[in-house]
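Have a look at the structure below before the remarks.
The values are calculated or read from the model by the stated rules, or taken from the named source; none is laboratory data. Everything numeric here is computed off the predicted structure, so don't read it as measured data. Backbone-built Cβ (ideal geometry, glycine too); neighbour counts: all protein chains shown.
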Amino acid sequence: MTAMITKDGDYWEPTEQDLIAWQRAYPDIDVYQELNAAACWLDANESKRKTLRGMKRFCNAWLNRSQQKGGSPFVDQRPKADVMPTREMTMEQMMDRSWAL
C-alpha cells in the first residue's frame, strides 16, 4: 500500500487493525485499491491534503463514499471458495430420486 502524504509533508499509513476494520465495514470494495487511489488524489491535490490527525477520517469517508457508489469494479467477480454452484431442478426432477444414484 502506498503511504499518504499529509498537509505538512509527512507520510501516513494505516495500521493493520485499520485495514482489517475497513475490510469488514466495506465488503463491496477493494480497500487496498481505494486507499491507493486516495493516496494518488492527495498527491495531486496539495491544497486539499489532510493533517496527520484527520487522515483516518479522510480514509473512512473515502471508503464509505466508494461503498455507497456501488463498490469497486470486479469485487463481485472474485471467486468465493465456500460457495457451491447451484443446479436448477424442476419439482419432477426433485421427486425422481434416480438422479441421485
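Since residue 53 meets every condition but one in (1) modelled with pLDDT under 95; (2) of a type outside the set (Gly, Ala, Ser); (3) over 22 Å from the mean Cα position of the chain (by Cα), which condition does it not meet? The one condition residue 53 does not meet is (1).
Does the stretch 3-12 include one or more residues that are of a type in the set (A, V, I, L, M) and either modelled with pLDDT of 95 or more or in contact with a Leu (Cβ under 6 Å, 6 or more places away or on another chain) (or both)? Yes, the conditions are met somewhere in the stretch 3-12. For the stretch 7-27, filtered to residues that are part of a helix (DSSP H, G or I) and in contact (Cβ under 8 Å) with a residue 12 or more places away in the chain, the residue that is surrounded by the most Cβ atoms within 10 Å (Cβ to Cβ) is 22. Just to be sure before I move on: is residue 99 modelled with pLDDT under 95, out of contact with any strand residue (DSSP E or B) (no Cβ under 7 Å at 6 or more places or on another chain) and in a helix (DSSP H, G or I) in the structure I sent? When the stated conditions are applied, residue 99 passes them. Of all the residues in the stretch 28-54, those that are in contact (Cβ under 8 Å) with a residue 24 or more places away in the chain, assigned to a loop (DSSP other than H, G, I, E, B) and either of a type in the set (A, V, I, L, M) or within 18 Å of residue 66 (Cβ to Cβ) (or both) number 5.
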